[in-house]
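First the structure, in the form of structure tokens, and then the observations on it.
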Amino acid sequence: MSSKSRKKVLLMGKSGSGKTSMRAIIFKSQLAADTRRLGATIDVESSQIKFLGGLRLDLWDCGGQDSFMDSHLTAQSSTVFRSVHSLIYIFDAESPELLTSDTVYFLKCLRALRDQNPSSSSSAAPAANGSPAPTSAPGEDGGPMVFVLLHKMDLVPVDLQASKLAEFENEVTKKAREGGYKGGMQFYGTSIWNETLYKAWSIVISHLMPSLASLRTHLNSFLSLSSASEIVLFERTTFLVISSVTNEDESHDTEWDERRFERISTMVKAFKLGCSKIRSPFSSLTVSTPHYTAVLDALTPETYILVVAKGAIQPAALELNIRLGRPHFAKLEAIGMGR
Ligand SMILES: Nc1nc2c(ncn2[C@@H]2O[C@H](COP(=O)(O)OP(=O)(O)OP(=O)(O)O)[C@@H](O)[C@H]2O)c(=O)[nH]1
Ligand SMILES: [Mg+2]
């Protein structure tokens, strides 16, 4: 398998920040409530996840207790940090050491990333005048992408969440720049108790996918051929959103919930779990109202498609379109989603 289709992703952060919980919910379809029973991760737990288009994710869940962190950063540094595609660093939003020792560990990880992947521009020195260097998008410079998740946001009062995230982002970015890290970072607030987890992970996964632009072109053709209002593509096991297209005329419709995709991911995953508990495997879902019709169905061996059309359209018409589109998308998937 080529290194292009195999991507190593590190999941790091201090003990109890919620790394294994995220992994269990997204990749093992566990319920959020069941994560309370998880024990601390010993050393590193790595898992291989097969994604569409032949993409293989090597996910390294690195135990966050101080002794393990110290070992990841010293004796095991080259094993852990070499050839990393993305680092997902989890901070516990309610940790009293958020901007002290938690951030210090994060900065050490950035340094280890730089040392073990010296070709990336993250190795560049800080700006000569001491001011923070400009941010580039993660991975744009060819270096590893860094995603920073301020997690357990459900524990922060709702009216303080946005300001807490903004303040945290400013402070951590400033410290990273002062430490000489020039690569990009993306910050998200997340919680296992709502759809923010799916939002952040969908973005992470879309960065790992080889050619989303080309896939969107195909989805756009499908959208106009089927006269739909919106089409969303989900990865089959995780139900993360891979791509979506919306009819230009309706894309500014303010009635549409901005977080609808992640909400669908969360709901369908819970519904699928419910189905499997009564041994009735989930296959497809149709919602028909006077205002819209929506059909969610398998598209290829590794994806589900959601087609939404305005008005009371016969679901059979949408189902037929999906059936007709299947061979084309199956071919695309076989050759790597239009890479
Ligand atoms: N309130 C809240 N609790 C969470 C959230 N995510 C995880 N937890 C809880 O945090 C606890 C620790 O989670 P883990 O996933 O085991 O933490 P970890 O980062 O893997 O810890 P180590 O393996 O020791 O590095 C569990 O009891 C989870 O239920 C969240 O978004 N909100
Ligand atoms: Mg763990």
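I'd like the full set of residues that are part of a helix (DSSP H, G or I) and within 13 Å of ligand 1 (Cβ to nearest atom), limited to region 171-198.
First pass over region 171-198, keeping only residues part of a helix (DSSP H, G or I): 171-178, 196-198.
If the condition is that a residue be part of a helix (DSSP H, G or I) and within 13 Å of ligand 1 (Cβ to nearest atom), then 196, 197, 198 are the ones that fit.
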Quick one: in region 17-59, of everything that is free of Cβ contacts under 8 Å to residues at least 40 places away in the same chain and among the polar types (S, T, N, Q), which residue is farthest from ligand 1 (Cβ to nearest atom)? 48
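I'd like the full set of residues that are under 18 Å from residue 110 (Cβ atoms) and without any contact (Cβ under 8 Å) to a residue 60 or more places away in the chain, limited to region 69-78.
First, pick out the residues of region 69-78 that are under 18 Å from residue 110 (Cβ atoms): 69-74, 76-78.
69, 70, 71, 73, 74, 76, 77, 78, listed by residue number.
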Quick one: would you say residue 294 is hydrophobic (A, V, I, L, M, F, W, C) and more than 20 Å from residue 51 (Cα to Cα)? yes
Do you know which of the residues in region 6-23 that are within 9 Å of ligand 2 (Cβ to nearest atom) and in a loop (DSSP other than H, G, I, E, B) is nearest to residue 240 (Cα to Cα)? 18
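Please work out if residue 204 is touching a residue at least 60 places away in the same chain (Cβ under 8 Å) and either in a strand (DSSP E or B) or in contact with a Ser or Thr (Cβ under 6 Å, 6 or more places away or on another chain) (or both). Spell out the reasoning first.
Values: touching a residue at least 60 places away in the same chain (Cβ under 8 Å): yes; either in a strand (DSSP E or B) or in contact with a Ser or Thr (Cβ under 6 Å, 6 or more places away or on another chain) (or both): no.
Taking the combined requirement at face value, the residue does not satisfy it.
Bear in mind that the values in this text are calculations on the coordinates, not laboratory data. Here the structure is a predicted model, which is why all the values come from computation and not from measurement. Heads up, the Cβs are rebuilt from the backbone with ideal geometry, glycines too, and the neighbour counts pull from every protein chain shown.
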